[in-house]
Amino acid sequence: MRASSPLLHPPSSTAAALVGGATPASPVPRITTNARILSSLATLFVPLQAQDASGAYCPGTGAPPMTVQQLEAAIFEEVSPNQVTVGSTYNRCTQGQLRLTRGNSRVVDPVVLPCNGTVPRTNAYWNVSSCPFAHFMAWADEADRIMVQERKIDLAAHPFRVYLTPTGSCDFIGLGFLGCDYKSGCRVWIGSGSWHVQQALVHELGHNLFMHHAGSYTDSGLFDEYSDNSCAMGYCCENRCFNTPHMWQQGWLSAAEFDRRNLGRGQTITLTLAAQGTPSDGRYRAVRVVPSWVPAFANGSAAVDPLFIGYRTGLGVDASLYDTMKNHVLLYTSPVKTARDPQYTTRRAALKGKTVWNYDAADLVVRTQALTRDAAQISICRQAPGRQETAASCAKGLDYNCDGRVGPADPQCLPFMNLNTPLNPPLKTPLKPPRRKARRRGRSLERKPNPGH
């Protein structure tokens with residue numbers, strides 16, 4: 001991770017309604033992102049068909065479901081500028097930071113596989129009538145051999161390869177390596193029933209880029225690793241961009257970051273988030289809170305995942321986002337740290353209007369203050385252990401229970417103060433005691449006037 005210093009509007013602080021106290025200093029975020037590894041998603045799209053020596057299709061298979069020209073129309077923005085394609089999704093969702101175009105990618109003519117064969121390196125048997133992992137890995141090996149030896153295609157120029165499986169051979173939507181070396185062997189397989197589904201290709205290529213699934217918890221409390229419908233790494237097959245943690249992971253989005261060093265107990269930060277789908281204009285478009293104040297596990301790993309916050313609207317690249325996600329502040333958790341760190345992301349909440357959400361494990365309270373067409377004002381407060389106000393927190397204008405009130409405005413502070421006087425009344429100069437007359441043997445020590453003078 002690296003820190004950067006883009007031109008950003010400074011956050012506004014939450015005003016503290018104090019009596020005789022000082023407004024605590026507003027937490028100042030660090031701006032973090034990950035270094036982008038790629039700017040070109042150079043991909044070879046390889047349609048496969050299976051035929052025997054006579055040219056007949058192998059048992060259980062058939063003619064390819066799409067022509068090369070139809071595939072190009074589904075993949076390249078240059079061919080279909082007025083529809084969603086694989087290229088337009090990456091080009092637009094990343095705001096041009098990762099591009100898949102006809103200039104760096106291509107669809108090859110169908111590669112014909114025999115009905116069965118053996119893998120040269122291992123002599124392992126394979127056929128196209130069944131679809132276990134070892135078999136479709138062998139199909140890719142055989143296709144690569146044909147493209148290099150017979151067609152003289154330079155595979156090194158296309159480290160990402162999408163194999164479109166023979167008709168009838170595999171019933172899955174798609175599969176892809178979870179991460180690769182970005183030099184060779186970045187493989188994706190698309191089932192024959194999904195050749196035309198742009199989002200399936202986007203999703204599986206996302207796995208090659210080290211992005212894991214985007215999930216959420218069901219109403220019964222079970223984690224569904226696909227059920228974040230704000231992200232292309234969730235269920236297939238609606239057109240949508242990537243969620244906030246995945247955008248940050250890839251270095252396509254910077255985040256205002258807080259941890260124990262710049263967000264103390266009882267402190268609140270209020271800031272404005274620009275909509276994630278709008279062009280970057282110097283405003284914050286994401287927040288990442290790392291709850292480093294929570295004790296780690298014995299092995300040193302974090303006990304609580306960082307919180308990511310983004311604002312998604314129907315603007316720009318998010319035009320096709322579900323209505324349940326549009327114009328909502330979306331909150332996610334994920335342990336992801338770097339671009340090459342394949343971790344699940346979990347959508348925790350979608351907030352609209354003036355709403356409060358508690359992340360109890362991290363002692364955080366998030367509030368949405370106001371939502372506009374292209375921006376949202378939010379606040380984040382860190383609770384103190386026990387979540388009860390103290391005399392010190394009330395005097396200093398801190399919000400230990402994160403109820404949005406401080407000082408005399410918080411009922412928990414009333415026992416610690418006299419509202420008729422300031423919390424810190426000025427010291428008064430004590431009155432001098434009255435001067436007393438000293439007497440000795442019953443006679444005054446004061447001299448009497450001399451009548452002769």
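The values are calculated or read from the model by the stated rules, or taken from the named source; none is laboratory data. No experiment lies behind these values; they were computed from the predicted model shown. Ideal geometry is used to build each Cβ from the backbone, glycine not excepted, and the neighbour counts take in all protein chains shown.
Observations
- Some residue of region 80-92 being modelled with pLDDT under 95 and either surrounded by fewer than 16 Cβ atoms within 10 Å (Cβ to Cβ) or over 26 Å from the mean Cα position of the chain (by Cα) (or both): yes
- Candidates in region 22-37 are the residues that are among the hydroxyl-bearing types (Ser, Thr, Tyr) and assigned to a loop (DSSP other than H, G, I, E, B); of these, the one that is modelled with the highest pLDDT is SER26.
- Just one of the numbered conditions (1) more than 28 Å from the chain's Cα centre (by Cα); (2) of a type in the set (Gly, Ala, Ser); (3) modelled with pLDDT of 90 or more is not true of SER40: (1).
- Boolean, ALA395 is in contact with a Ser or Thr (Cβ under 8 Å, 6 or more places away or on another chain), farther than 23 Å from LEU351 by Cα and either not basic (Lys, Arg) or not in a strand (DSSP E or B) (or both): no
- So LEU321, is it touching a residue at least 60 places away in the same chain (Cβ under 8 Å), buried (at least 20 other Cβ atoms within 10 Å of the Cβ), more than 22 Å from GLY234 (Cβ to Cβ) and touching a Cys at 6+ places or on another chain (Cβ under 9 Å): no
- Identity of the residue in region 55-79, at pLDDT 95 or above and of a type in the set (Ser, Thr, Tyr), that ends up farthest from VAL317 (Cα to Cα): TYR57
- For HIS213, the stated conditions do not hold, so it cannot be described as surrounded by fewer than 19 Cβ atoms within 10 Å (Cβ to Cβ) and either under 22 Å from PHE242 (Cα atoms) or among the hydroxyl-bearing types (Ser, Thr, Tyr) (or both).
- Pick from region 340-359, criterion of a type in the set (Val, Ile, Thr) and assigned to a strand (DSSP E or B), ranking: nearest to ARG387 (Cα to Cα): VAL356
- Residues that are of a type in the set (Phe, Trp, Tyr) and buried (at least 16 other Cβ atoms within 10 Å of the Cβ) occur at least once in region 128-140.
- Yes/no for LEU100 being buried (at least 21 other Cβ atoms within 10 Å of the Cβ), touching a residue at least 40 places away in the same chain (Cβ under 8 Å) and within 19 Å of ASN208 (Cβ to Cβ): yes
- Given (1) part of a strand (DSSP E or B); (2) touching a residue at least 40 places away in the same chain (Cβ under 8 Å); (3) more than 22 Å from PRO306 (Cα to Cα), number of the condition ALA376 does not satisfy: (3)
- Qualifying residue in region 315-327 (condition: small (Gly, Ala, Ser) and within 17 Å of THR33 (Cα to Cα)): no
- Flag if THR218 is of a type in the set (Val, Ile, Thr) and either over 27 Å from SER379 (Cα atoms) or assigned by TED's automatic domain parsing to the domain that holds PRO29 (or both): no
- First in region 191-213 and touching a residue at least 60 places away in the same chain (Cβ under 8 Å), second anywhere and of a type in the set (Asp, Glu), Cβ under 7 Å, 6 or more apart: GLN199/GLU238; PHE210/ASP341; HIS213/GLU225
- Conditions (1) under 20 Å from SER192 (Cβ atoms); (2) modelled with pLDDT of 90 or more; (3) surrounded by 15 or more Cβ atoms within 10 Å (Cβ to Cβ): number failed by PRO114: (3)
- Remark: pairs (first residue in region 221-240, not assigned by TED's automatic domain parsing to the domain that holds GLN198 and among the aromatic types (Phe, Trp, Tyr); second residue assigned to a loop (DSSP other than H, G, I, E, B) and buried (at least 18 other Cβ atoms within 10 Å of the Cβ); Cβ separation under 6 Å; 6+ apart in sequence or on different chains) = TYR226/HIS213; TYR226/GLY234; TYR226/TYR235.
- Restricting region 285-318 to residues that are in a loop (DSSP other than H, G, I, E, B) and of a type in the set (D, E, K, R), the residue that is surrounded by the most Cβ atoms within 10 Å (Cβ to Cβ): ARG285
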